[in-house]
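**Q** Have a look at the structure that comes next, please.
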Amino acid sequence: MNTPVISATGLWTPPNSISNKELVDSYNVWADNWNREREADIAAGLLEPKTHSSVEFIEKASGIKSRYVMDKTGVLDPDIMAPRIAERPNEQISVLAEIAVKAAKDALERAGRKPEDVDAVICAASNMQRAYPAMAVEIQDALGCGGFAFDMNVACSSATFGIQTAADFVRSGSAKSVLMVNPEICSGHLNFTDRDSHFIFGDVATAVLVEDVSIAPVGHWKILGTKLKTQFSNNIRNNFGFLNRAAPEGIDAPDKLFVQEGRKVFKEVVPMVATMIGEQLGELNIAPTDLRRMWLHQANANMNRLISSKVLGREATDEESPTVLDTYANTSSAGSIIAFHKYSGDFKPGDRGLICSFGAGYSAGTVFVEKTA
Ligand code: COA
């Protein structure tokens, strides 16, 4: 039987960052304009005025201080409040594929792997830019990989679901070297005029190379165990899709972008994830104290604090549960992979850690790893 391991990871970060202050200032101008334009209706009690967003609230409620985005100008323009990314002709690489290729090249280089040695590409992300052809096939072509490629979407848990899928391919012998990429242009599905959520997301791309141990580079990561779980919930939802054009309401309603019941998500997902981690630690016979680090999904700092305390029985240190939320915000499926990529270089052979994601679906995934010599 083949043995899947993680050979390397890759990261691509957009050049533009938006601070909470910049985001809040533009939201507040937009809100003032909105109120002014509806002054009469607001005065007549027909409409509630929009209230200002606040930098202090955002940082306290989420831990987010800034986010990277593909387009800063459109997002911060009170008359636009959305990224503006030009459509490209079909002959040109699409933007989502382009950023995935950048992260993929980083991972391949770190593993000393040539693209032609890769025999499967999985594009696992929340925000696919089109219906078909699959993003993964375009990424496979742009890199020059062999084998097969396909897309999968399990929202914020896409990367852990992608890692288990890749590991299963390696185990069964369907592929030996699987490139799993997570290009996330979350700014495209975020409603920047919604005060409750305008601060949540950022853009990024990550990549994970899962390979058979026989070809993996030195210093790879053993996969000790993976587990996936889903449980239907409407509390995080995005109704955007091609059937919208068939619906009388069209595509412009706010539910065609990201919407959530943040409080409910917090309350329901924390115990679901903490229980899942605890159970799998038991199954794998790993004591929580044997985990040097948890690279948790990056949605909310308070949520991660609670999950790690439930697992460890005490509050985790920043080293045990690192955050990238402060600079990247929530990057959907890529969050736990960015944390793993940036905060794993100090691991010694035998050190163990956990990559864990959770999000819409609900969905949750765990990948327990151990550094090798
Ligand atoms: N600026 C200022 N105040 C704001 C605000 C903003 N941008 N957004 C909301 N508020 C206000 C609310 O109006 C509310 O005021 P009220 O008490 O007078 O009604 C108050 O702040 C608390 O709002 P609430 O939405 O309950 O905040 P919260 O503490 O639950 O934090 C989230 C909101 C979204 C950060 C938090 O619930 C969360 O992260 N949940 C999990 C989300 C998640 O993981 N989602 C997965 C996405 S993939």
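No value in this document is a laboratory result; all are computed from the given coordinates. All values reported here derive from a predicted model rather than from experimental measurement. Virtual Cβ from ideal backbone geometry, glycine too; neighbours counted across all protein chains shown.
**Q** For region 18-30, in order, what is each residue's ³J(HN,Hα) by Karplus, 6.51 cos²θ - 1.76 cosθ + 1.60 with θ = phi - 60°, in whole Hz (x at glycine and Pro)?
**A** 10, 7, 4, 4, 4, 5, 5, 4, 6, 4, 5, 5, 4
**Q** I've got another one for you. Divide by every residue of the chain the summed helix terms, -39500 (n - 2.57) for each DSSP H run of at least 4, and state the resulting mean residue ellipticity at 222 nm, rounded to the nearest 500 deg cm²/dmol. Intermediate results must be reported in sequence, preceding the final value.
**A** Numbers: 11 runs with 123 residues, N = 373.
Here the helix-only value at 222 nm equals -10000 deg cm²/dmol.
**Q** Scan around LYS50 for amide H atoms under 5 Å from its own, H built in the peptide plane at 1.01 Å from N, and keep only partners 5 or more places away or cross-chain.
**A** Close amide H contacts, sequence-distant or interchain: ASN35.
**Q** Report the convex hull volume per residue for the chain, counting only C-alpha atoms, in Å³. Numbers along the way, then the final one.
**A** Working: hull volume 52.9 nm³, N = 373.
In the chain, the Cα convex hull volume per residue is 142 Å³.
**Q** For region 40-96 and region 247-261, what is the centre-to-centre distance using only Cα atoms, to the nearest Å?
**A** 16 Å
**Q** Now a separate question. Which of ILE236, ILE139 has the fewest other C-beta atoms within 10 Å, and how do the rest follow up to the most? Working shown, then result.
**A** On the way: ILE236 22, ILE139 29.
With the fewest neighbours first, ILE236, ILE139 line up as ILE236, ILE139.
**Q** Could you derive backbone 3J(HN,Hα) for region 220-237 from the dihedral phi with the Karplus parameters 6.51, -1.76 and 1.60 (θ = phi - 60°), listing whole Hz in sequence and x where the residue is Gly or Pro?
**A** Listing the rounded values in order: 6, 10, 5, 9, 7, x, 10, 8, 10, 8, 9, 8, 4, 8, 8, 6, 10, 8 Hz.
**Q** Can you list which of the GluC sites (Glu not before Pro) found in region 219-296 are DSSP loop residues with at most 14 other C-beta atoms within 10 Å?
**A** GLU249
**Q** Suppose the chain between PHE150 and GLU39 were pulled fully straight at 0.36 nm per residue; how much longer would it get relative to their current alpha carbon spacing?
**A** 34.9 nm
**Q** Under 5 Å between amide H atoms, partner at least 5 residues away or on a different chain: which partners does ASP151 have, H built in plane at 1.01 Å?
**A** For ASP151, the qualifying residues are CYS123, ALA136.
**Q** Ranking THR13, THR327, THR206 by Cβ neighbours within 10 Å, fewest first, what do you get?
**A** Going from sparsest to densest Cβ surroundings: THR327, THR13, THR206.
**Q** Report the calculated FRET efficiency for ASP79 and ASN2 (r = Cβ-Cβ distance, R0 = 56 Å), to the nearest 0.05. Don't skip to the end; give the middle numbers.
**A** Values: r = 55 Å, r/R0 = 0.99.
The value I calculate is 0.50.
**Q** Here's another thing I want to ask about it. Quick check: net charge around GLU98, other residues with Cβ under 13 Å of its Cβ, Lys/Arg +1 and Asp/Glu -1?
**A** Details: positive: ARG88, LYS102, LYS105; negative: GLU138, ASP141, ASP203.
Counting the neighbours of GLU98, the net charge comes to 0.
**Q** Computed FRET efficiency, Cβ-Cβ of LYS264 and ASN302, R0 25 Å: what is it to the nearest 0.05?
**A** The formula returns an efficiency of 0.95 here.
**Q** Calculate, in nm to one decimal, what PHE57 and HIS189 gain on full extension: separation in residues at 0.36 nm each, minus their alpha carbon distance.
**A** That pair, PHE57 and HIS189, stretches by 45.3 nm at full extension.
**Q** Another question, if that's okay. Return the distance in nm (one decimal) between the two label points of a simple spin-label model at ALA86 and GLU249, each offset 7 Å from Cα along Cα→Cβ.
**A** Those two pseudo-labels are separated by 3.4 nm.
**Q** Sticking with this structure for a sec: Test of understanding: ordering HIS297, HIS341, HIS189, HIS198 by Cβ neighbours within 10 Å, fewest first, what list do you get? Write out the running numbers ahead of the final one.
**A** Values: HIS297 31, HIS341 23, HIS189 16, HIS198 20.
Ordered by Cβ neighbours within 10 Å, fewest first: HIS189, HIS198, HIS341, HIS297.
**Q** To the nearest 0.05, how large is the calculated FRET efficiency for THR327 and LEU46 if R₀ is 56 Å and r is the Cβ-Cβ distance?
**A** 0.85
**Q** Sticking with this structure for a sec: Whole-Hz ³J(HN,Hα) for each residue in region 50-58, computed from phi via Karplus 6.51 cos²θ - 1.76 cosθ + 1.60 with θ = phi - 60°, x for glycine and proline: what do you get?
**A** 6, 9, 5, 7, 9, 4, 5, 4, 4
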